[in-house]
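I have placed the structure first, in the form of structure tokens, so that the comments after it can refer back to it.
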């Protein structure tokens, strides 16, 4: 089931906090900094860690990655949601803050993910 939440809020349940990261795993700002409170590990910029799931939008040098480089990580996450129906995911506006992409450029890439709560701003792109 897909639900939506207000941007900037945090999960109030046992959901996995899904955030935009960098390949260096330096979680110094934005949702990545908040992810440290949910078990994100410094130095791990991809995948599951604690009650978090990191999707890189920046490279090892903290430079924004091209959408073509981000897409496979999002596809991997979408498959992960399908492989783990017992989990719930709270997805932040990945790539739409410090990485500088628009909601329209990123949100539609998450179509097909299951058991997710997305930011309200993504509703038009997820429900299309």
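Each value in this text was obtained by applying a stated rule to the coordinates, not by laboratory testing. The structure presented is a predicted model; accordingly, all values stated were derived computationally and were not measured. Neighbour counts are summed over all protein chains in view; Cβ atoms, including those assigned to glycine, are modelled from backbone coordinates with ideal geometry.
Data overview
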quantity	calculated
Alpha-carbon centroid distance for the pair region 31-57 / region 98-128, whole angstrom	19 Å
Residue 84-residue 33 pseudo-label distance in nm [points 7 Å out on the Cα-to-Cβ vector]	2.6 nm
Percent breakdown of C-alpha pair distances by 5 Å bin, ordered from the shortest bin, for region 3-126	2, 12, 25, 27, 23, 10, 1
Antiparallel DSSP beta bridges within the chain, percent to nearest 5	20 percent
For region 67-123: Kirkwood Rh in Å [reciprocal of mean 1/r, alpha carbons]	11.7 Å
Sequence ranges 30-43, 87-100, ranked by mean other-Cβ count within 10 angstrom, highest first	87-100, 30-43
Difference of contour (0.36 nm per residue) and Cα-Cα distance, residue 59 to residue 121	19.8 nm
Label-reachable residues, region 1-39, where backbone N falls under 13 Å from a point 7 Å from residue 114's Cα toward its Cβ	1-2
